[in-house]
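Since the structure comes first, as structure tokens, the remarks are kept for the end.
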Amino acid sequence: MLGSLRQLHWSIYALSLASGVIMTGFMLMLPILPEYAGQLRFNEFEIGLLVAAFFLGRVSFQFPLGAVSDQVGRKLIMTGSLLLFALATSAFVLTTDPWLMIALRLGQGIASAGFVVGFQSYVNDLTPTEFRGLAHGINSSAINAGVIVGPVIGGTLTQAYSIQAPFWVGGGLGAACFLLSLTIPDIPAARRKAAAARLTMREKLDSLLRPALTAPAASLSLIHFLQMMSLAILFTAAPILTAELLSWSATDIALALAAGGAAGAVSSPFLGRLADRRGARVWVMAAGLTIMALQSLIIFIHPGTAFTMLGFVIGGAGTPAYFNAFFSLVGDVTLKTERGAVSGFIGSSAEWGSILGSSLVAPLLWREVSVRAPMGVSVLILLTTVLVALAVRSLLQRRMDAVRKAESGQVA
């Protein structure tokens, strides 16, 4: 394992650190944002828009920013996104106007979209196929660590100083990550502006959409859409179910989520390395989805506090198994010239799954069926996703072989 870690470029570790720090900055603000808006006497509509604006930025800008990164390079998109995150986050404490705060929240979403799609494409550009899973695993560990420590730091800062302190710290962390990103080497854009300038507007649009609408890309978009929908249902429904049926407090659910995050942080590099075995990508991805389905099933059954807590730990390991294999697979089936656009298209599709799962599917099932119903549907969605992944395995393998030949100088 140590030998494999030495094979990764140092910039992977630098950007993974940035991912973890940014996630820490995001999570230390997230729990207090509605309370802060309430103190400023925002109405329910304004608070709803404040929350939704972030996701609107992510769903709207991942695809275009990914496509732009194919033209101008990944580093410019990542550094610009980190700078935007730092400025938008710090500016929260400088205004009390609800619409300006909503605009800043939208800016955070755009920044998140740009950094995520830029980083994923950068890792896949820079890392050989046989180490992509490990590289994404290192990043997943950093993100999970940020998810765990962010709320703790945010709560501590709020109690020790003021409710505005987490926003200042979040902005400072974003600025530090921006400076760190300036040190990484750039990878020249595979597409040249001169060549693009000769195309008509229709040809440019066609060149952007065509890679994202191929069968392999569409298959991965469907898989990720379903997985993110199930994950959104889990995060929306599990706190309600455990509170009503197991009498869990907010502290109990926070501990369960932290335990799952810790399991993911520890296991992620090893699961990523497992996904790097030849021919293992889809199988590891399917295994991760199956483990996540087991987590949802345990929560659905809720066999007491101890076993339900164990379900969160199990799911915490299944999540990086899926994500590491999936994002490595995106790199395997895409050429460098199209990787940003395809990654962005897949990411935008997945955001719609998250939005529908949390705002439509889970509430509708609560109201029309029962408090347990969302977790049961989550199990069905995940098992369906496993079947889809296995059904398209041969298709993805053929595309991987074609990309490998093209990148080695042969005709794909």
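Quick notes
- Which of MET400, MET375 has the fewest Cβ neighbours within 10 Å, and the rest in rising order: MET400, MET375
- Residue by residue, the range 155-169 carries 3J(HN,Hα) couplings of x, 5, 5, 5, 6, 7, 10, 7, 6, 7, 4, x, 5, 4, 5 Hz when phi is fed to the Karplus relation 6.51 cos²θ - 1.76 cosθ + 1.60 (θ = phi - 60°); x denotes Gly or Pro.
- Ranked by the mean number of other Cβ atoms within 10 Å of their residues, highest first, the peptides 380-388, 365-373, 335-343 fall in the order 335-343, 380-388, 365-373.
- Between the range 227-266 and the range 274-330, the alpha-carbon center distance in angstrom: 14 Å
- Computed over neighbours whose Cβ is under 13 Å from that of PRO216, the net charge equals +3, Lys and Arg +1, Asp and Glu -1.
- Shape class of the chain from the Cα gyration tensor (axes a ≥ b ≥ c, square roots of the eigenvalues): oblate, since a/c reaches 1.5 or more and a/b does not exceed b/c.
- Taking HIS224, HIS302, HIS136 in turn, the Gaussian network model of the chain (Cα-Cα springs below 10 Å) assigns the largest fluctuation to HIS302.
- The relative contact order of the chain, computed from alpha carbon pairs under 8 Å that lie at least 6 residues apart in sequence, is 26 percent.
- Residue separation of LEU76 and LEU380 scaled by 0.36 nm, minus their Cα-Cα distance, works out to 105.4 nm of gained length.
- Between VAL51 and TRP99, full extension at 0.36 nm per residue minus the direct alpha carbon distance yields a gain of 16.1 nm.
Bear in mind that the values in this text are calculations on the coordinates, not laboratory data. Because the structure is predicted, anything quoted here is derived from the model rather than measured. Cβ coordinates were reconstructed from backbone atoms using ideal geometry, including for glycine residues, and neighbour counts include every protein chain displayed.
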